[in-house]
Amino acid sequence: MMKKTLLLIGLATSLSWTACQNQANKTTTDTELSDSGFTATIDGQEAKLFTLQNSKGAKATFTNFGARIVSLWVPDKDGKLTDVVLGFNKAVDYHNPEEPYYGTIVGPFGNRIAKGKFSLDGEEFTLPTNNGANTLHGGFKGVHFAAWEGKQEGENKLTFSYTLPDKNEGFPGNIAMTVTYTLTDDNALEIAYSATTDKKTVVNLTNHAYFNLNGEGSGTILNHSLQIYGDQYTPVDSTLIPTGELAAVKGTPFDFSQAKTIGRDIEQKDEQLRYGGGYDHNFVLRGDKVDQLNHAATLIGDKTGIKMDIYTEEPGLQFYSGNFMAEKVTLKNGKKDAFRTGLCLETQHFPDAPNQTSFASTVLEPGQTYTTKSIYKFSL
Ligand code: BGC
């Protein structure tokens, strides 16, 4: 009898110890997303959740509402999976005009167009101005608020398709777009974009994921180390429209040509930093080639050791240090979107290119196909 009781006590203790261990291994970012939170009707459109995984255990979830990355789990220095992309627990939370860009594809023209105007062949197009005097990320109803069609191929590839109707937010052309996400076995998330149009238009697609390589909700990104493979950036006016100049980063807070922490120079007295409230600028990539792509940036989380390398076909990289994050929304793990707790590194053509003749063209003509690819590769 005694033996049996002891055995039972022993078993119970070891079970509760295991439970504790599991608890201890659970991190604050270890959120399980429920399909039900993502099966929703938004603005009459059907949203759902898609999951990709690779053979190494990395995992990513997406919603077709905006063709968004919802979460991205990669191993840290202790082998623990960490969710490095900020987002929400429910699809409807993404339908928020106050914070519309978490994880989303932005388009048809990512970044700003000055005063909501541009001309093609002498015809002027007027767009709604949703960012002070300017148009940002395709206007109020860019592709971020559209339910794309999602088609998954196997465990690691997912293609979203959407045709933006002619004159949506003033942009000419029925613009047919696809975005393919592939989670490869070397822990890279590849994003391949394509677009065609039936009227001459402008296209500049990018992904607007907010990253925190220490994990969503783990504090600010100011101690992340960042290197950007560019010697110039495009200075802006007070409304964040490029002046047209390509300025040297050398000797300025914008010099990320050698790795440094994001926080090192962010509080310097500098007119450009003042305009952006921190970094909110486009860097001109030098064109250091890795497998025919431009090496754009290397970002390292100081707590997890997670390293993210970005490679792209694009000539520019917008670095936005989360300066407008202001605890307005609650993220997946219950934490608020506090000031600078995420950052965006958006591969793209230069802002306001439709109005700046010295910048590489973003014009897309009928009969042409726009294609571009960016890779976010994770290692330690
Ligand atoms: C822009 C920021 C803007 C942010 C919104 C970035 O791409 O550069 O100015 O506030 O998007 O999420």
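A few remarks follow.
- Loop exposure criterion: GluC sites (Glu not before Pro), DSSP state outside H, G, I, E and B, at most 13 other Cβ atoms within 10 Å. Applied to the chain, the longest stretch between such sites is 156-244.
- Those trypsin sites (Lys or Arg not before Pro) in segment 149-181 that DSSP places in a loop and that have at most 15 other beta carbons within 10 Å: Lys167
- Relative contact order, percent, the chain [alpha-carbon distance under 8 Å, six or more residues apart]: 17 percent
- Excluding ligands, DNA and RNA, the accessible surface per residue across the chain is 42 Å² with a 1.4 Å probe.
- Inter-probe distance in nm under a simple model that places probes 7 Å from Cα toward Cβ, at Thr51 and Glu245: 5.2 nm
- Percent carbon-and-sulfur accessible area, the chain, ignoring ligands, DNA and RNA, probe 1.4 Å: 52 percent
- Loop-located trypsin sites (Lys or Arg not before Pro) across segment 319-378 with a Cβ neighbour count of 10 or fewer within 10 Å are lacking, with loop assigned by DSSP.
- Under 5 Å, built H, 5+ apart or other chain: amide partners of Ser257: Ile228
- Local net charge near Gly139, Cβ-Cβ under 12 Å (Lys/Arg +1, Asp/Glu -1): +2
- Cα pair distances exceeding 23 angstrom across segment 229-357, given as percent: 34 percent
- Per-residue ³J(HN,Hα) for segment 91-97, Karplus 6.51 cos²θ - 1.76 cosθ + 1.60, θ = phi - 60°, Hz, x for Gly and Pro: 4, 5, 5, 7, 8, 10, x
- Close amide H pairs (under 5 Å, H built 1.01 Å from N) link Phe109 with Gly138, Asn204, residues at least 5 positions away or on another chain.
- In the structure shown, the pairs Lys328/Lys377; Lys141/Lys167; Lys80/Lys260 are assessed against 23 Å; a Cα-Cα span above that value is assigned to Lys328/Lys377; Lys80/Lys260.
- Spacing of the modelled spin labels on Thr371 and Asp237, each 7 Å from Cα toward Cβ, amounts to 3.8 nm.
- Count Lys and Arg as plus one, Asp and Glu as minus one, and take only other residues whose Cβ is under 12 Å from that of Gly150; the net charge is then +1.
- Computed over the chain, Cα set: Rg, Dmax in Å: 21.9, 95
- Local net charge near Gly305, Cβ-Cβ under 12 Å (Lys/Arg +1, Asp/Glu -1): +1
- Here's the list of aspartates and glutamates a cross-link from Lys90 could span, going by alpha-carbon distance under 19 Å and ignoring same-chain residues fewer than 8 apart: Asp30, Glu32, Asp35, Asp43, Glu46, Glu98, Glu99, Glu149, Glu216, Glu327, Asp337.
- Computed from Cα positions, the angle between helix 2-25 and the longest principal axis of the chain comes to roughly 10 degrees.
The values are calculated or read from the model by the stated rules, or taken from the named source; none is laboratory data. Please read these numbers as outputs of a predicted model, since none were measured by experiment. Methodologically, a virtual Cβ is constructed for each residue, glycine included, from the backbone with ideal geometry; neighbour enumeration extends over all protein chains shown. Keep in mind that these areas ignore ligands, DNA and RNA; they rest on the heavy atoms of the full protein, side chains included. Shrake-Rupley method; radii C 1.70, N 1.55, O 1.52, S 1.80 Å.
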